[in-house]
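Reviewing the structure listed below.
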Amino acid sequence: MMNLTSIGDLARGMTLQTRSTELRNQIETLSYEMSTGKVQDVSGRLDGDYSHMLDLDRSLSRLNAYQVSTAEAGLFTDAMQLSLTTINESVSELTSSLLAFGTSNQAVSHENASVQARNELDTIISALNTRAGGRSLYSGTATDMSPLPSTDTMLTALAAELSGYTTTADIRQAAEDWFNDPAGFDAIIYQGSGTALAPMQISENESVSLTITATDPAIKDAIRDIAVAALVSDDALNLPRDQRTALFTQLGGNLANTQNDVVNLRAQVGSAEARIEQAATRNNAAQTSLEFSRNKLIAADPYETATQLQTVQFQLESLYSVTVRNANLSLVNFLR
């Protein structure tokens, strides 16, 4: 004799409802894993051991920070390279002009030379006052300050130092002394800090130093000779025509040598740019590798997930069919 076990209608309804909830939860989990490619139960996948995952997250966090720092360093060096290019072009243009003007020995040429020198000085000061990301490039740690005042301010201060000298040798020496004196150009004109920027960290074991300021010898030499050229035709100096010619010629020769020093500065910045780009490339490669390893730990197999999702959806549809049939049962239908 077979024993039959039956449950009441209420119990049957509760059983069907519970099973329906379980299937819907499974569908929700599988749908999440299908759309994200990651398992929802991370703890279960890792057996509760998060140490490897946390280590990967820490490494990724550091690389994200380096990604920001390399981007900032790249922006800074690119802006510095562009400004040095501008300075180099100004020095080159004026060098040619001074040497050419100096051989003409004509008053109008002298005036033109001083006007061009003043214009180029304007350009150089503007380039040195460039900011990148809100920070001054050539002010050292005083990144909130522009390193140099206006051209008028600089020329007025220099003119006072050159006043009273009547020979080219004396004028050049007076200008050189003032620019080299810590109480001269550095104290009166330069508005930045005497402390260079701290090295920029671009990877875990690598940093880049950019120590160029507006007081760099190459930059000061260029500014000095161009500023003197701007004042050569000033009536206050009252230089004879032949003295002006001689001074322009000497200044043109000095600037030709200074141009090589500016090119060396550009090479320094170019080397820093290359190192930053290489570090960024290595950091990106490491980040991609770590992200792959992290995803692999918690990745959901797309084929298996899709198969399970299809199976559970079929089970839920079957359950709904059973539920509907049970709901339609009646004594009349049973006795038929």
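Does ALA229 satisfy the criteria of being among the aliphatic types (A, V, I, L, M) and under 23 Å from ASN260 (Cα atoms)?
It is true that ALA229 is among the aliphatic types (A, V, I, L, M) and under 23 Å from ASN260 (Cα atoms).
Just to verify a result, which residue in segment 245-287, among those that are touching a strand residue (DSSP E or B) at 6+ places or on another chain (Cβ under 7 Å) and open to solvent by less than 50 Å² (accessible area, probe 1.4 Å), is nearest to TYR66 (Cα to Cα)? Among those that are touching a strand residue (DSSP E or B) at 6+ places or on another chain (Cβ under 7 Å) and open to solvent by less than 50 Å² (accessible area, probe 1.4 Å), it is ASN283. Inspect all residues belonging to segment 66-83 and state whether any of them is among the hydroxyl-bearing types (Ser, Thr, Tyr), modelled with pLDDT of 90 or more and within 30 Å of ALA246 (Cα to Cα). Within segment 66-83, not a single residue is among the hydroxyl-bearing types (Ser, Thr, Tyr), modelled with pLDDT of 90 or more and within 30 Å of ALA246 (Cα to Cα). Taking each residue of segment 115-142 that is crowded, with 20+ Cβ neighbours inside 10 Å and looking for partners that are assigned to a loop (DSSP other than H, G, I, E, B) and small (Gly, Ala, Ser) with beta-carbon atoms closer than 6 Å, six or more apart or interchain, yields LEU128/ALA214; ASN129/SER146; SER136/SER146; TYR138/ALA214; SER139/GLY192; GLY140/GLY192; GLY140/SER193; GLY140/ALA196. Within segment 231-244, track down each residue that is in a helix (DSSP H, G or I) and open to solvent by less than 20 Å² (accessible area, probe 1.4 Å). The one that is in a helix (DSSP H, G or I) and open to solvent by less than 20 Å² (accessible area, probe 1.4 Å): LEU231.
Go through segment 142-153 and report how many residues are more than 17 Å from the chain's Cα centre (by Cα) and among the β-branched types (Val, Ile, Thr). Qualifying residue count, segment 142-153: 2.
Taken over segment 187-199, the criterion of being over 17 Å from ARG131 (Cα atoms) and buried (at least 20 other Cβ atoms within 10 Å of the Cβ) is satisfied by ILE189 alone.
Every condition in (1) under 29 Å from GLN268 (Cα atoms); (2) small (Gly, Ala, Ser); (3) not in a loop (DSSP other than H, G, I, E, B) is met by ALA159 except one, and the failing one is (1). Only a single criterion out of (1) modelled with pLDDT of 70 or more; (2) open to solvent by 80 Å² or more (accessible area, probe 1.4 Å); (3) under 46 Å from the mean Cα position of the chain (by Cα) is not satisfied by PRO302, namely (1). Annotation note: of ILE223, ILE276, ILE219, the sole residue that is touching a helix residue (DSSP H, G or I) at 6+ places or on another chain (Cβ under 6 Å) and modelled with pLDDT of 90 or more is ILE276.
The values are calculated or read from the model by the stated rules, or taken from the named source; none is laboratory data. Here the structure is a predicted model, which means the values were calculated and not measured. Positions of Cβ are backbone-derived with ideal geometry, glycine not excepted, and every protein chain shown enters the neighbour counts. Keep in mind that these areas ignore ligands, DNA and RNA; they rest on the heavy atoms of the full protein, side chains included. Shrake-Rupley method; radii C 1.70, N 1.55, O 1.52, S 1.80 Å.
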